[in-house]
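Below you'll find the structure, written out as structure tokens, and then a few comments.
The values are calculated or read from the model by the stated rules, or taken from the named source; none is laboratory data. Small disclaimer: the values here were computed from a predicted structure and weren't measured. Using ideal geometry, Cβ is built from the backbone for each residue, glycine included, and neighbour counts are taken over all protein chains shown.
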Amino acid sequence: MNKGKVIILNGFSSFGKTTLAKAIQNTFDELYIRLSIDDFVSMMPIKIVENDLGNAFYTSQTILLQTIKTLSDAGTNVVVDNVMLTYFETLKQYVECLPLIIYLH
């Protein structure tokens, strides 16, 4: 089975990543599942986010990356709306984990 393509949109809050991700979904004939770091952070218990946002964000990034890898390994294309706070470290993790990345920053 072919691995799914991964498009990563990285940027600050309110830069239009979600709008662009939705446009990508509607432009291509292929199916692209949209994932957002905001969705993963919002899944964390509020007490953890309020007490240690940095750790909650880092944990969410780790879970997001594993979810992207699982979907890609299953042949599903993914477009990711992300904010990489530790830019080079996070990008290195993505490159090591994923077979094909189209990265827009």
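What do you reckon, is residue 49 surrounded by 13 or more Cβ atoms within 10 Å (Cβ to Cβ) and within 10 Å of the chain's Cα centre (by Cα)?
Numbers: surrounded by 13 or more Cβ atoms within 10 Å (Cβ to Cβ): yes; within 10 Å of the chain's Cα centre (by Cα): no.
So residue 49 fails the test.
Any chance you could count how many residues in segment 1-48 are polar (S, T, N, Q), closer than 23 Å to residue 74 by Cα and at pLDDT 90 or above? Let's see the steps before the verdict.
As a first pass, look at segment 1-48 and keep what is polar (S, T, N, Q): 2, 10, 13-14, 18-19, 25-27, 36, 42.
Still in the list and also closer than 23 Å to residue 74 by Cα: 2, 25-27, 36.
From what is left, the residues that are at pLDDT 90 or above are 25-27, 36.
Adding up the residues that qualify gives 4.
Kindly evaluate residue 57 against the criterion of being over 20 Å from residue 4 (Cα atoms), of a type outside the set (Ser, Thr, Tyr) and outside any helix (DSSP H, G or I).
Details: over 20 Å from residue 4 (Cα atoms): yes; of a type outside the set (Ser, Thr, Tyr): yes; outside any helix (DSSP H, G or I): no.
So residue 57 fails the test.
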Task: segment 9-43, residues that are surrounded by 18 or more Cβ atoms within 10 Å (Cβ to Cβ) and among the aromatic types (Phe, Trp, Tyr) - done: 32, 40
